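S.K.: One structure, pasted below without further comment.
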Amino acid sequence: MDVYLDNAATTFPKPSIVPEKIYDYIINNGGTSGRGAYEKAMLADGLVYQTRKSLAKLFNHSDPKTVIFTSSVTESLNLALQGILKPGDHVVTSALEHNAVWRCLKTLERDRGISISIVPANSQGETKIEDVEAAIRPETRLIVFTHASNVLGTIQPIAAIGKLARSKNILFLVDAAQSAGVLPIDVQAQQIDLLAFTGHKSLLGPMGTGGLVVNCDADIHPLISGGTGGDSAYEYQPDYYPNHLEAGTLNVSGIIGLGAALAFLETEGLGNIRRKEDFLVAYALNALATVPNIELYGPRDSTKTVGVIPFNIAGELPEEVAYYLDQECHVMIRSGLHCAPSAHRLIGTIKRGTCRVGIGYFNETADIDALVNGLQSYIKENK
Ligand SMILES: Cc1ncc(COP(=O)(O)O)c(C=O)c1O
């Protein structure tokens, strides 16, 4: 039996309703959204709008029209950062960021003359609100923070940062790639101006879906220009939402799949999902601690993390451990550097990388047992 423990990269399996709805749309409808006055196109349009509404509800955002669809959280982050930052702007970010934030910021630093301050984190991936405050300058335009580290799993103090940013009139952008669908996110209560999310991780939707919730009136320059299905004689991108930031035919099938996933999440209940993942993380932390020569990184407290557990076996290469687990035990985990080099620096694994367990809603304790048994046999065979 295959054991999938790479849910931090992408969740698998998806709820069966996700492929069913996608199949149904492609076979029985197939119409585009926002571009046709015939019944099927309007039906497709309605389904896209329903997904916007479900996302707005999930994140407690008041206006579905300012939920922008993108192809990924990477695109959402680029849209926000490239669309807002101007020469001379200063940005505060964390030492935990994924390259989706970091490379975009470095490119803007080089090409557009922005400056960047990095809020330090300890080896557990914890950051302090005082350090965020200390990094703020008069020219700080935006704070961008990951909600949960994809290397260490550590949850960041998003509400406190939101409050601070709002009090200083600084825009606050959150990368919710590892948290949307498992941690509660409330853009109003947590004072998040821009929320970037992906559909294919804990939201349990298909790849190729993601978005940006725009909870502010900042002027965001579109990343791309093109057809929106309306006002076609106007020569620029319309200034109303969502069309202002959405050009070209949408990924209607993917968005419908995401809508189905959101309905599944609502039925299951976010609280239940979080409780199950929390239980599995605690179970895994205890079980992994019994493995000889294991080096576990990040908090040993499941309430401080999402379902991400990085580890190494002393003296062994993470790739070899992961390869053995896959080939000999049918257990799939991630290995290497997980696209967030500065987080690896915090734990001294920038050269070597780590193994990473990514726990998801469909995992069970038997999956963790299979992982631990696999590690035990790897160690026996490589003594
Ligand atoms: C924290 C974080 N940000 C951004 C991304 C990028 O996601 P995607 O490649 O789906 O755009 C990931 C994916 O691993 C992530 O974990």
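The values are calculated or read from the model by the stated rules, or taken from the named source; none is laboratory data. What you are looking at is a predicted structure, and each value in this text was computed from that prediction instead of being measured. Positions of Cβ are backbone-derived with ideal geometry, glycine not excepted, and every protein chain shown enters the neighbour counts. What goes into the accessible areas is simple: the full protein's heavy atoms, side chains included, and nothing from ligands, DNA or RNA. Shrake-Rupley method; radii C 1.70, N 1.55, O 1.52, S 1.80 Å.
S.K.: Among the residues of region 338-350, how many are within 12 Å of the ligand (Cβ to nearest atom) and either over 18 Å from Ala100 (Cβ atoms) or in a loop (DSSP other than H, G, I, E, B) (or both)? Outline the logic, then answer.
M.R.: First, the residues of region 338-350 that are within 12 Å of the ligand (Cβ to nearest atom): 338-340, 343.
Now narrow it down to the ones that are either over 18 Å from Ala100 (Cβ atoms) or in a loop (DSSP other than H, G, I, E, B) (or both): 338-340.
Count: 3.
S.K.: Whether any residue in region 58-79 is away from the ligand (no atom under 15 Å from the Cβ), outside any helix (DSSP H, G or I) and within 11 Å of Val144 (Cα to Cα) is what I want to check. Give the derivation first.
M.R.: Going residue by residue through region 58-79, those that are away from the ligand (no atom under 15 Å from the Cβ) are 58-67.
After this cut, where a residue has to be outside any helix (DSSP H, G or I) as well, the list is 59-63, 67.
Restricting the remaining residues to those that are within 11 Å of Val144 (Cα to Cα) gives none.
No, there is no match, as no residue in region 58-79 is away from the ligand (no atom under 15 Å from the Cβ), outside any helix (DSSP H, G or I) and within 11 Å of Val144 (Cα to Cα).
S.K.: Take the conditions within 21 Å of His98 (Cα to Cα), within 16 Å of the ligand (Cβ to nearest atom) and out of contact with any strand residue (DSSP E or B) (no Cβ under 9 Å at 6 or more places or on another chain) and apply them to Leu223. Does it pass?
M.R.: no
S.K.: When region 328-344 is examined, which residues are found to be open to solvent by 10 Å² or more (accessible area, probe 1.4 Å) and at pLDDT below 95? Outline the logic, then answer.
M.R.: Applying the first criterion (open to solvent by 10 Å² or more (accessible area, probe 1.4 Å)) to region 328-344 yields 328-330, 332-335, 337, 339, 341-342.
Leu337, Cys339, Pro341, Ser342, listed by residue number.
S.K.: Looking for something within 19 Å of His338 (Cα to Cα) and within 16 Å of the ligand (Cβ to nearest atom) - is there at least one such residue anywhere in region 156-171?
M.R.: Yes; the residues of region 156-171 include at least one that is within 19 Å of His338 (Cα to Cα) and within 16 Å of the ligand (Cβ to nearest atom).
S.K.: Can you tell which of Tyr378, Tyr323, Tyr361 is open to solvent by less than 60 Å² (accessible area, probe 1.4 Å), modelled with pLDDT of 95 or more and over 26 Å from Gln124 (Cα atoms)? Lay out the reasoning, then the answer.
M.R.: Details: Tyr323 fails: open to solvent by less than 60 Å² (accessible area, probe 1.4 Å); Tyr361 fails: over 26 Å from Gln124 (Cα atoms).
Exactly one residue qualifies, and that residue is Tyr378.
S.K.: Still on this structure: Evaluate the following for Leu288: is it of a type in the set (A, V, I, L, M), open to solvent by less than 10 Å² (accessible area, probe 1.4 Å) and more than 20 Å from Gly125 (Cα to Cα)? Full working, then the answer.
M.R.: On the way: of a type in the set (A, V, I, L, M): yes; open to solvent by less than 10 Å² (accessible area, probe 1.4 Å): yes; more than 20 Å from Gly125 (Cα to Cα): no.
Taking the combined requirement at face value, the residue does not satisfy it.
S.K.: Further question on the same structure: Out of region 1-41, which residues are of a type in the set (Phe, Trp, Tyr) and modelled with pLDDT under 95?
M.R.: If we filter region 1-41 for residues that are of a type in the set (Phe, Trp, Tyr), which is where we start, we get 4, 12, 23, 25, 38.
The answer is Tyr38, and nothing else.
S.K.: Let me spell it out: the conditions are (1) closer than 19 Å to Thr290 by Cα; (2) without any contact (Cβ under 8 Å) to a residue 40 or more places away in the chain, and Ile359 meets all of them except one. Which number is the exception?
M.R.: Here Ile359 meets the rest and fails (2).
S.K.: What are the residues in region 92-113 that are away from the ligand (no atom under 16 Å from the Cβ) and either buried (at least 24 other Cβ atoms within 10 Å of the Cβ) or assigned to a helix (DSSP H, G or I) (or both), if any?
M.R.: So in region 92-113, the residues away from the ligand (no atom under 16 Å from the Cβ) come out as 92, 108-113.
The answer is Val92, Leu108, Glu109, Arg110, Asp111, Arg112.
S.K.: So, Arg274, is that one under 20 Å from Leu204 (Cβ atoms), of a type in the set (D, E, K, R), buried (at least 19 other Cβ atoms within 10 Å of the Cβ) and within 16 Å of the ligand (Cβ to nearest atom) or not? Talk me through it step by step, then tell me what you get.
M.R.: Numbers: under 20 Å from Leu204 (Cβ atoms): yes; of a type in the set (D, E, K, R): yes; buried (at least 19 other Cβ atoms within 10 Å of the Cβ): yes; within 16 Å of the ligand (Cβ to nearest atom): no.
For Arg274, the condition - under 20 Å from Leu204 (Cβ atoms), of a type in the set (D, E, K, R), buried (at least 19 other Cβ atoms within 10 Å of the Cβ) and within 16 Å of the ligand (Cβ to nearest atom) - is not met.
S.K.: Moving to a separate point now. If the Cβ limit is 8 Å and pairs must be 6+ apart or interchain, which residue in region 271-291 that is modelled with pLDDT of 95 or more pairs with which residue that is open to solvent by 70 Å² or more (accessible area, probe 1.4 Å)?
M.R.: What qualifies is Arg274/Pro184; Asp278/Thr303; Leu280/Glu364; Leu285/Arg300; Ala289/Arg300.
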